[in-house]
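The values are calculated or read from the model by the stated rules, or taken from the named source; none is laboratory data. Remember, it's a predicted structure, so these values are computed and weren't measured experimentally. Cβ placement follows ideal geometry from the backbone for every residue including glycine, while neighbour counts extend to all protein chains displayed.
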Amino acid sequence: NPHVGGTTDVYKDNLETEVLIVGAGFGGVYLMHKLRDELGFDCKIYEAGTDLGGIWHWNCYPGARVDTQVPIYEYSIEKLWKDWTWSEKYPDWSELRRYFAYVEEKLQIKKDTAFESRVVGAQFNMETQKWDVKTQDGRTAHAKYLINAIGFAAKRHFPDWEGLDTFKGEMYHSSFWPESGVSTKGKKVAVIGTGSTGIQIAQESAKDAESVTVFQRTPNLCLPMRQRKLTKEEQDRDKENYRELYKYRMTTFAGFGYDFADRNTFDDSPEEREAFFESLWEEGGFKFWLATYKDNLFDRAANDEAYKFWNKKTRERITDPRKRDLMAPTKAPHPWGTKRPSLEQNFYEAIDRPENDVVDIKNNPVKKVTEKGIVTSDGQEREFDIIALATGFDSVTGGMKNMGLLDINGVDLRERWADGTYSHVGMACADFPNMFFLYGAQGPTAFSNGPSCVECQGDWIIDALAKLRKENISYLNATRDAEKAWNRKVTELSDKTLFPIADSWYMGANIPGKTREQLNFAGGIPMYEKECRDVLDNNFKGFQTQ
Ligand code: N01
């Protein structure tokens, strides 16, 4: 990096700033713009990557695209949306990168951002009343406030298979895909994992690969994306309603352009239900998940109705009976919608083709990886040219536990969260004074649209900093009691739902040895906002101030 050690002030050692933001994705960029440009705070960003965009900077695997339609998946900042036009309803990674380049043109974030600056240690210094922050290459920064905006997928997860490093072909984790691309043309491709990432890699590679073999532990209960091109004319016309749309988005459970229906599954007759499901299915996207009956994620019998419908619709798309039973089993592997459904584009038809396959690694686990391919427990070796590891992340908590964050007593957050996650309103931790985080543990995070969550939590942090400045408060520290109460609330809300039943990353269940607990706030954005506003309106309830 030509800047490091040098030419630009933001890269210098002993950087002094009022606010240090870690991460230059949707969250960090929002905070920088609002705090610096609207409130006049002195702000800097440390970013581990080499450009803005967060997850869209890291994700360039084949087929990577967002599963939330625009304009819901973008900033509500008018000076940004008014001149921006998308080409598709669900843009891919390259268009999202162009969006961030456009954001840079409008907001000039980069002049205050140090790239290739991975934070590896930070502690609040009680004497100077500032955060001392260290980067991997040995620079330090000192800031009154530290804000972690590192996203929920900042720590990759690799399977612990014997021989993983002996494979002689090409092997990549989805979030570390080569920028220059990898040609799958005429290659034998293995895709490990069937999360949103695995589904996208498999269906995209199947366009030109010799074969695609999906290693499936749990079937993904995918929904049809129903992608389509968008014209400038229709977007210009729709922009008349954007202000209302962005206001509306914050009134919905998941920060979307639609919300759950106002009735329960069995309020409708079987015929009405079938017709309702059919209409959601036809519209595509997450409608079948987030605009369905309001008891879908709470009542098992209601949920079974959704599964039955999903199952029927999906099974009829798969002709091979073995593949059909594996990818769309008659018995639900978990309640419908308690793991994130991927939005697919002909995934089932692609894997159904004779050259492609799905391997059941739940009942026939991987034994080892060899120079040539993958051996399953039944002794069969399958040979590949490319292995795509779509095995996900130590989601939600893994990133922050990996930053060397020490509390004022010198205890690492990794220890503090070893047996369970504690925060105050999903944005602060006890004994980490003047530190905030967003789009992480115990916020609406994975149960919401990213930009909506980031703006909701970002606005709260911005208001909190403005209030601290106005009231001349220099020290804000969440109490342990407030943390315990928030942990209880997060757990209780989740326990009313069907989410705890599934072995999902929402529950920390995807990482061996990780505490099983709900990592996200399951009460929806409006309830969350109310809880957070209550803290500010009541003199930082749950915080000590000085
Ligand atoms: O990761 P995942 P992801 N042996 O954790 C399997 C967002 N996203 O990168 O289900 C064998 O969901 C694991 O199996 P199982 C989106 O929020 C969005 O796909 O645990 N298998 C699972 O199938 C998403 O939810 C978009 O049984 C192993 C897979 O690997 C989140 O990011 C696109 C294994 C991991 O799936 C994460 O998605 C991409 C092992 N040892 C991502 N370890 C869109 O916007 C793990 N697996 C469309």
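On the stretch given as segment 221-237, residues that are out of contact with any helix residue (DSSP H, G or I) (no Cβ under 8 Å at 6 or more places or on another chain) and more than 13 Å from the ligand (Cβ to nearest atom) total 10.
In this structure, Thr491 does satisfy being in contact (Cβ under 8 Å) with a residue 12 or more places away in the chain, more than 16 Å from the ligand (Cβ to nearest atom) and farther than 29 Å from Cys43 by Cβ. Scanning segment 109-141 for residues that are in a strand (DSSP E or B) and touching a helix residue (DSSP H, G or I) at 6+ places or on another chain (Cβ under 7 Å) yields a total of 2.
Based on what the data block shows, is Thr251 more than 13 Å from the ligand (Cβ to nearest atom), exposed (fewer than 13 other Cβ atoms within 10 Å of the Cβ), among the hydroxyl-bearing types (Ser, Thr, Tyr) and closer than 24 Å to Lys339 by Cα? Taking the combined requirement at face value, the residue satisfies it. Between Thr314, Thr319, Thr330, the distinction of being in contact with a Leu (Cβ under 9 Å, 6 or more places away or on another chain) and over 23 Å from Tyr506 (Cα atoms) belongs to Thr314 only. Only a single item in (1) touching a helix residue (DSSP H, G or I) at 6+ places or on another chain (Cβ under 8 Å); (2) within 16 Å of the ligand (Cβ to nearest atom) is not met by Thr218, and it is number (1).
Considering only segment 276-285, I want to know if a residue exists there that is of a type in the set (Gly, Ala, Ser) and assigned to a helix (DSSP H, G or I).
So far as segment 276-285 goes, yes, one or more of its residues are of a type in the set (Gly, Ala, Ser) and assigned to a helix (DSSP H, G or I).
To keep it simple, each residue is scored yes or no on (1) more than 23 Å from Val396 (Cα to Cα); (2) modelled with pLDDT under 95.
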site: Arg36; (1), (2): yes, no
site: Ala48; (1), (2): no, no
site: Trp58; (1), (2): no, yes
site: Ile72; (1), (2): no, no
site: Trp86; (1), (2): yes, no
site: Glu104; (1), (2): yes, no
site: Gln123; (1), (2): no, no
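Within segment 376-414, the set of residues being more than 16 Å from the ligand (Cβ to nearest atom), of a type in the set (A, V, I, L, M) and buried (at least 16 other Cβ atoms within 10 Å of the Cβ) comprises Ile386, Met400, Met403, Leu405, Leu406, Leu413. Answer yes or no: is there a residue in segment 431-440 that is part of a helix (DSSP H, G or I), of a type outside the set (Val, Ile, Thr) and touching a residue at least 60 places away in the same chain (Cβ under 8 Å). For segment 431-440, residues part of a helix (DSSP H, G or I), of a type outside the set (Val, Ile, Thr) and touching a residue at least 60 places away in the same chain (Cβ under 8 Å): absent.
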